[in-house]
Each structure stands twice: as structure tokens, then as C-alpha cells.
Amino acid sequence: MLLVKAEGYPVVARHQTRIYLLYVKVFSIALSVILLDQVTKALAVRVLSKGPIHVFGPLSLTLLYNSGIAFGLAKGMSDVVILLAVLIVLFIGFRVSKASSNWSIVGSGLLMGGAISNVIDRLIRPHFGVVDFIDFKFWPVFNLADASIVIGVVMLVFASFKSHE
């Protein structure tokens, strides 16, 4: 850790503090996504096992288990999907210190949280898969982690374009 003397007291250098705060922000967002997603999935399993619930318009809550990845792709390849998610999380974790905007900080946290939460599902429900329950009828059924992943990727792409301006 880099120390700088200021007024006779050692103070953590600004750069180290900035990096520390970036990690705190990203991991706080990720943890929030994980908690919210896992709570809603537990509620979905408990409540929706009796059948779907129509909310309004095209929105229904329908319990499904997805052994694949987004939109049912790669079914039965859970080990590969877990490995891929772990690699993505590690990559983002190493890149957090390079985050230069709120878009990249929030996007990284959303992507990490969604990926970790879906991995948790695969580990605690290996014979079923990821719990999906948000059903718009015209789109594949998904969960909050899936939405966080998509929004996170969009934010990171946007942040990369903004940084090249």
C-alpha cells in the first residue's frame, strides 16, 4: 500500500483510495443484485409453484427452470455456463480499477451480480437450473439477474463509446 505523509500522519494515497472505492461501489451493486434476485426467486418458487399469476397487460409471473443460458440456449451445459460466468466475473473484477465513469461502475456491478446470482442458482438447483419467472408473453421468461446482465452489458458498451469520444 502506498503511503504519503501529510501533516505528520500517514495517509493512504489518493489512487489507492480511488481504486478501493471503485471496488466497494461495484461489489455493493453486485451484492444488492444478488440479494434482490435470490429473494425474488425464492418467492417465485414458493408462490408460483401453484401456477402462474397474471399481473397486468402482457405481464405475468410464470415459474420456469432454465438449464441453459439466455433464451434457453446451451441447455444441459451447466458446467460450461458456470465456468464462463466465473471467467466473466473474474475479468470484470480485474478491470474494475480501470472504470472511468458511473456507467462502467454501475454496469460492472449489475453484470457481476447477475452472473453470480445465476451461478448460485445452478449450484443450489443443479437438476432444475436457473429460476425464471418474469413473463411478458412476447419475450422469453427471465429473472432479475438476467435483466441486470443485459442492462449491465448495455451500460458497459455505452461507457466504452463515451470513453472514446
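Bear in mind that the values in this text are calculations on the coordinates, not laboratory data. Bear in mind that the values here come from a model prediction, so they are computed numbers and not experimental data.
Figures for the structure shown
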| quantity | calculated |
| --- | --- |
| Rg/Rh for the stretch 47-131, where both radii come from Cα atoms and Rh is the Kirkwood radius | 1.07 |
| For the stretch 46-57, 3J(HN,Hα) per residue [Karplus equation, 6.51 cos²θ - 1.76 cosθ + 1.60, θ = phi - 60°, Hz, x = Gly/Pro] | 5, 8, 8, 5, 7, x, x, 10, 7, 8, 6, x |
| Karplus (6.51, -1.76, 1.60) ³J(HN,Hα), θ = phi - 60°, over the stretch 19-35, in Hz, Gly and Pro reported as x | 5, 4, 5, 4, 4, 4, 5, 4, 5, 5, 5, 4, 5, 4, 4, 4, 4 |
